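Working notes, structure below.
The values are calculated or read from the model by the stated rules, or taken from the named source; none is laboratory data. Note that the structure is a prediction, hence the values are computed from the model and not measured. Cβ placement follows ideal geometry from the backbone for every residue including glycine, while neighbour counts extend to all protein chains displayed.
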Amino acid sequence: EIMAATTVTSQPRPFVTTAHEWSSGICDCFSDLPSCCFSFWCFPCFACITAREAGECLCLPLLDSFGTIPPITTALRVSVRQRYGIEGSICNDCVYACFCGPCSWCQISRELKKRNNSGAI
């Protein structure tokens, strides 16, 4: 009798159950001025780099231009919130994505930098 071996090729991302806040506010550009300036002068490049840092496809943010509600910005905010156990709702994420897109991407970038530098999950 031959037994088949199953190989796991990827592990699920850690899911944090304790609730936290974002490490910076939506308009907290002075905490990372170089990134905010980069996003102001070349937003598509900044969004693509931030998506890559979040573990997503480099060109994914370019799809946001096809629609009224930016689906990629909304989805990435939700993903980062869930990954790090940040309080919030998809409704708030959608509002920030629609009306504060560049600031939202800057906040995501700051959160990723803080979490990756501190080793926190």
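A few comments on the model shown:
- Test: residue in segment 60-71 that is surrounded by fewer than 12 Cβ atoms within 10 Å (Cβ to Cβ) and assigned to a helix (DSSP H, G or I): yes
- Selection from segment 22-36 of residues that are exposed (fewer than 13 other Cβ atoms within 10 Å of the Cβ) and either at pLDDT 95 or above or not in a loop (DSSP other than H, G, I, E, B) (or both): Phe30, Leu33, Pro34
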